[in-house]
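To keep things clear, I will list the structure first and then write my remarks on it.
The values are calculated or read from the model by the stated rules, or taken from the named source; none is laboratory data. Values in this document were obtained by computation on a predicted structure and should not be read as measured data. Glycine gets a Cβ as well: all are built from the backbone with ideal geometry, and neighbour counts include every protein chain shown. These accessible areas exclude ligands, DNA and RNA; they are computed on the full protein's heavy atoms, side chains included. Shrake-Rupley method; radii C 1.70, N 1.55, O 1.52, S 1.80 Å.
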Amino acid sequence: VPTPTPAPASAAPTPSAKPQAADGGTTAAAQAEALFKNNCMACHGAGLEGDFGPNLTKVGSRKTKDEIVQQIIKGSGDMPPFQKTFKAEEIETLATWLAAKK
């Protein structure tokens with residue numbers, strides 16, 4: 001038991017840091033969900049079902065990822081722009097996540 005414990009402990013920090021920063025899989029989805037929850041849910045609903053803002057459950061079938069990026073950056077109508085709220089990579093992560101909703 002002592003031999004396997006040091007190997008994962010010394011190997012764990014390096015791999016766990018890289019996937020969280022660069023992984024496009026579940027980590028990106030978790031980041032997008034957190035961004036949505038903290039910034040979008042108040043208007044678009046916890047399940048993306050819409051409330052004050054429109055329903056986003058199938059937004060990817062209505063808008064391209066680039067259109068979603070522009071919507072987040074510039075806002076429109078009652079939606080404020082989020083260009084100064086989010087970093088570019090956060091906008092990209094959120095837009096990719098929303099574009100997959102079809």
* Asked: Put a dot 7 Å past each Cα toward the Cβ at Met41 and Thr57; how far apart are the dots in nm?
  -> 1.8 nm
* Largest-first ordering by accessible area, 1.4 Å probe, given options Phe82, Phe52 -> Phe52, Phe82
* Quote the accessible area belonging to Glu89 in square angstrom, nearest 10, computed with a 1.4 Å probe and with ligands, DNA and RNA left uncounted. => 110 Å²
* Asked: How large is the charge dipole for the range 25-102, taken about the Cα centre, if only the Cβ atoms of Lys, Arg (+1) and Asp, Glu (-1) carry charge, to the nearest 20 debye?
  -> 160 debye
* Please work out how much length the chain gains when fully extended from Ala30 to Asp66, using 0.36 nm per residue of separation minus the C-alpha to C-alpha distance, in nm with one decimal. => 10.9 nm
